[in-house]
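Notes to accompany the following structure.
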Number of protein chains: 2
Amino acid sequence: MTDLVPGKLARVSGSVRIVGAGLLGSSIGHALVKNGVDVILADTSPAQLRLAVDYGAGRAEAEGDAPDLVVVCTPPDVVADTVAAELERYPNAVVTDVASVKLEPLRELRRRGVNLVNYIGSHPMAGRERGGAISARADIFLGRPWVICRDGETPASALALIEDLALDLGAVPIEMTPEEHDRSVALVSHVPQVVASLLAARFAEAPEMSLSLAGQGVRDTTRIAASAPELWVQILAANAAPVVEQLDLIAADLQRVADALRDPEAAGARRTTADAIRDGNLGVARLPGKHGQRRMFETFVVMVDDASGQLGRLFGDLGELDVNVEDFRLEHSPGAQLGLAEIAVDPATLQRAVDGMSARGWRIAGAHV
Amino acid sequence: MTDLVPGKLARVSGSVRIVGAGLLGSSIGHALVKNGVDVILADTSPAQLRLAVDYGAGRAEAEGDAPDLVVVCTPPDVVADTVAAELERYPNAVVTDVASVKLEPLRELRRRGVNLVNYIGSHPMAGRERGGAISARADIFLGRPWVICRDGETPASALALIEDLALDLGAVPIEMTPEEHDRSVALVSHVPQVVASLLAARFAEAPEMSLSLAGQGVRDTTRIAASAPELWVQILAANAAPVVEQLDLIAADLQRVADALRDPEAAGARRTTADAIRDGNLGVARLPGKHGQRRMFETFVVMVDDASGQLGRLFGDLGELDVNVEDFRLEHSPGAQLGLAEIAVDPATLQRAVDGMSARGWRIAGAHV
């Protein structure tokens, strides 16, 4: 079990109320309970609430509860309703939400004329592939960005409370405006989801034979296409404007490359294709990698069979060679009972790693595109 | 060093001539030399040829060479030229090529009226992220599909020779027509490359702050965008028709989703978005995973620090718990000195793995979207 160091919230806050005891709400509950906080859980589904309480994410509400902090963890389409209701019910509490879109709920609250002095939207960049109180875990926020959307009228004490919440859960607080947040998640999360889904959709009725040639590249490119439709329909609808803007640009880019390939003798056609690949090189190099840095590593590939003992020996040998593994990926060969372990190391240690592993009897293969 | 079991080719073939001593040519050379085959290397670049010979991929050609098999490993744009020249020079040899597009060179050869009885196109689905004789390795073909494009006039003996080549190098031979091959690689390789590149290109000038929210999902989706432009311009140009067909369809799909998000009250708008995500679910589930099967695994996440010794201990503990690791992925938290090891196991062993690892002091975190 996980034992977090008692956090700041436990010292400043009498109790925290969490509305919506699904994956995120229950996960926050677990972390705060372990942190020594009195966590009050609420959910429109009595079954979900009971599960969350049984699993130890907090207690059901009781007469006289007076939370200092309310965390709204409902689905995106009812966030504004819930935030408004909580602000009215607990006028002395700071209210935040964890929805993955920030501008639309804020606009809705403003349209209703709700007093928002005590409201600060936030968004922890964490989740799991499956939802619900059963999947909840205290540690899903560790090391993840937690966006906090303050505005001019937010009191410093309220902001500090949300920062404490993020820090107590092990997340990294990042301040943004709601507009900055929504444009950012459109770019790095919502648009990639749509693109990966539409690319993967081409395989839904493709011949089995064609798919047998699929390698690690296309598997990586389409991995997130396995995401659940229900949530994504809500997220995309709630963040439509910046998503649509990017989708239009990408559709136009695709059309431009298609036209260039259709008519290769047209002026600039080959350059259009080359520019598309080159701009992709530039873009992917800007994504933060390990620890937010952009260091270059060298990779080599070691053949392993499927036994986990083999991987233990592999890492044991690397440790004895004093080779630090910067990144690791396990690939599987189609139709073969062997795996390919792609190991990224500092360029200065590559030769030592390859020689040392070869000497210890490991079969070194090439890296794969 | 790798020692392959002497293969069939060594028994049936006096010598194999490889034209083009870059990554693929030199890699085939290394594997065949280890297999006991007399390998003759040729390259228009004397420097590249010298490197390949120095590294042990074969020998330079000599008076009186009479190869039984010629493998053309030149860049796509000169494949037809080279195949025609080799067929004329060695009328008793079987000639194959390893270009990643099969129809365009064949059409060009037919246009020229070349006698193609002794020609069989092929395509090993292998490569590395960097090219050249220096990067060559005998083992890059292990477990990879090797497409062989026979036609009606191909003699059985010639086909057998190419199959022996593929098998000797550890690849899995797959027969396809050139049309089937080109449509297949367009779908699972060329189109994903364009889509990933154009998605990543959106990051080339995006604000640093937005990119700081990027997680593992978008990193996976855009990983192949790091590929080299020069080669891809040739590949895409040579396989334009099936690539363009798919790009048009994806551009139209993107536009359809963008329109649905723009006008969410239009009839069927929400369904359009949901269908896109759902079709992506169906498509990605059809990609062959481990060993071509589509088994479901459960994943759990263990926190590790950056020392490779930790990974050795991790896999050692999993081995002692008799937990077989079906898949493994190392994630890095932005701004944090820790890694998250995502471990896929058989659902039947999940509880034992989690309990056992917790008992051994490992910190178990949730899985991440």
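Quick notes
- For region A:202-216, residues that are touching a residue at least 12 places away in the same chain (Cβ under 8 Å) and touching an Asp or Glu at 6+ places or on another chain (Cβ under 8 Å) total 1.
- Residue list for region B:40-78, filter: closer than 25 Å to residue B:229 by Cα and in contact with an Asp or Glu (Cβ under 6 Å, 6 or more places away or on another chain): B:49, B:72
- If you go through region A:58-90 and pick out every residue that is in a helix (DSSP H, G or I) and basic (Lys, Arg), you end up with 1.
- Verdict on residue B:98 being within 12 Å of another protein chain (Cβ to nearest Cβ) and either more than 21 Å from the chain's Cα centre (by Cα) or at pLDDT 95 or above (or both): no
- Residue within region B:47-57 that is in a loop (DSSP other than H, G, I, E, B), modelled with pLDDT of 95 or more and over 18 Å from residue B:83 (Cβ atoms) present: yes
- Exactly one residue out of A:193, A:246 is in contact (Cβ under 8 Å) with a residue 24 or more places away in the chain, more than 30 Å from residue A:137 (Cβ to Cβ), in contact with a helix residue (DSSP H, G or I) (Cβ under 8 Å, 6 or more places away or on another chain) and among the polar types (S, T, N, Q): that is A:246.
- Note on region A:166-179: residues that are assigned to a helix (DSSP H, G or I) and touching a Lys or Arg at 6+ places or on another chain (Cβ under 9 Å) total 4.
- Verdict on residue A:260 being buried (at least 19 other Cβ atoms within 10 Å of the Cβ), over 22 Å from residue B:259 (Cβ atoms) and more than 8 Å from chain B (Cβ to nearest Cβ): yes
One line per residue, one yes/no per condition, for (1) at pLDDT 95 or above; (2) of a type in the set (Gly, Ala, Ser); (3) farther than 17 Å from residue A:246 by Cα:
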{"residue": "B:185", "(1), (2), (3)": "yes, no, yes"}
{"residue": "B:192", "(1), (2), (3)": "yes, no, yes"}
{"residue": "B:196", "(1), (2), (3)": "yes, yes, no"}
{"residue": "B:217", "(1), (2), (3)": "no, yes, yes"}
{"residue": "B:240", "(1), (2), (3)": "yes, yes, yes"}
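- Restricting attention to region B:272-286, the residues that are surrounded by fewer than 23 Cβ atoms within 10 Å (Cβ to Cβ) and either facing chain A (nearest Cβ under 9 Å) or touching a residue at least 24 places away in the same chain (Cβ under 8 Å) (or both) total 8.
- Of all the criteria given as (1) farther than 26 Å from residue A:207 by Cα; (2) more than 7 Å from chain A (Cβ to nearest Cβ); (3) out of contact with any strand residue (DSSP E or B) (no Cβ under 8 Å at 6 or more places or on another chain); (4) not acidic (Asp, Glu), the one not satisfied by residue B:239 is (1).
- Checking each residue in region A:242-257 for being of a type in the set (Asp, Glu), within 7 Å of another protein chain (Cβ to nearest Cβ) and surrounded by fewer than 20 Cβ atoms within 10 Å (Cβ to Cβ) picks out only A:248.
- Residue under evaluation residue B:227, criteria (1) closer than 20 Å to residue B:75 by Cα; (2) modelled with pLDDT of 90 or more; (3) buried (at least 18 other Cβ atoms within 10 Å of the Cβ); (4) not β-branched (Val, Ile, Thr), criterion not met: (2)
- Residue under evaluation residue B:26, criteria (1) of a type in the set (S, T, N, Q); (2) modelled with pLDDT of 95 or more; (3) more than 24 Å from the chain's Cα centre (by Cα), criterion not met: (3)
- Check on residue B:121, more than 12 Å from every other protein chain (Cβ to nearest Cβ), surrounded by fewer than 20 Cβ atoms within 10 Å (Cβ to Cβ) and either closer than 24 Å to residue B:87 by Cα or at pLDDT below 95 (or both): no
- Considering only residues in region A:1-15 that are under 30 Å from residue B:361 (Cα atoms) and touching a strand residue (DSSP E or B) at 6+ places or on another chain (Cβ under 8 Å), the one that is modelled with the highest pLDDT turns out to be A:9.
- Enumeration of residues in region B:149-180 that are at the interface with chain A (Cβ under 8 Å from one of its Cβ atoms) and either under 14 Å from the mean Cα position of the chain (by Cα) or over 19 Å from residue B:287 (Cα atoms) (or both): B:172
- Hits in region B:127-148 (condition: touching a Gly at 6+ places or on another chain (Cβ under 8 Å), part of a loop (DSSP other than H, G, I, E, B) and more than 7 Å from every other protein chain (Cβ to nearest Cβ)): B:131, B:132, B:136, B:141
- Among the residues of region B:201-236, those that are among the charged types (D, E, K, R) and facing chain A (nearest Cβ under 7 Å) comprise B:202, B:219, B:220, B:223.
- Residue within region A:134-143 that is free of Cβ contacts under 8 Å to residues at least 60 places away in the same chain and of a type outside the set (Lys, Arg) present: yes
The values are calculated or read from the model by the stated rules, or taken from the named source; none is laboratory data. Everything quoted here is computed from the prediction, not taken from an experiment. Glycine also receives a Cβ, built like all others from the backbone with ideal geometry; neighbour counts cover every protein chain displayed.
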